[in-house]
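Beneath this line is the structure, given in structure tokens, with notes to follow.
The values are calculated or read from the model by the stated rules, or taken from the named source; none is laboratory data. In this text the structure is predicted, and so the values were computed from the model without any measurement. So basically every Cβ, Gly included, is an ideal-geometry build from the backbone, and we count neighbours across all protein chains shown.
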């Protein structure tokens, strides 16, 4: 098996205010107990976010990534 890593590159001037994982996207509306049951069967995928406007030490990247 070959691992796949998904990245989200965000180029906006404002800080990212969107969800950073799958659970945040769903906005589950059930009771706490119902949500806990659902979360047992629903994997919570993390969003690997690169917020380009707020990167530090960009000189560590190659020329194309610095731009």
- Message: Suppose we filter 14, 53, 33, 59 for residues that are modelled with pLDDT under 85 and either loosely packed, with under 10 Cβ neighbours inside 10 Å or not in a helix (DSSP H, G or I) (or both); which single one remains?
- Response: 59
- Could you run through the stretch 30-55 and say how many residues are under 13 Å from the mean Cα position of the chain (by Cα) and over 22 Å from residue 18 (Cα atoms)? 0
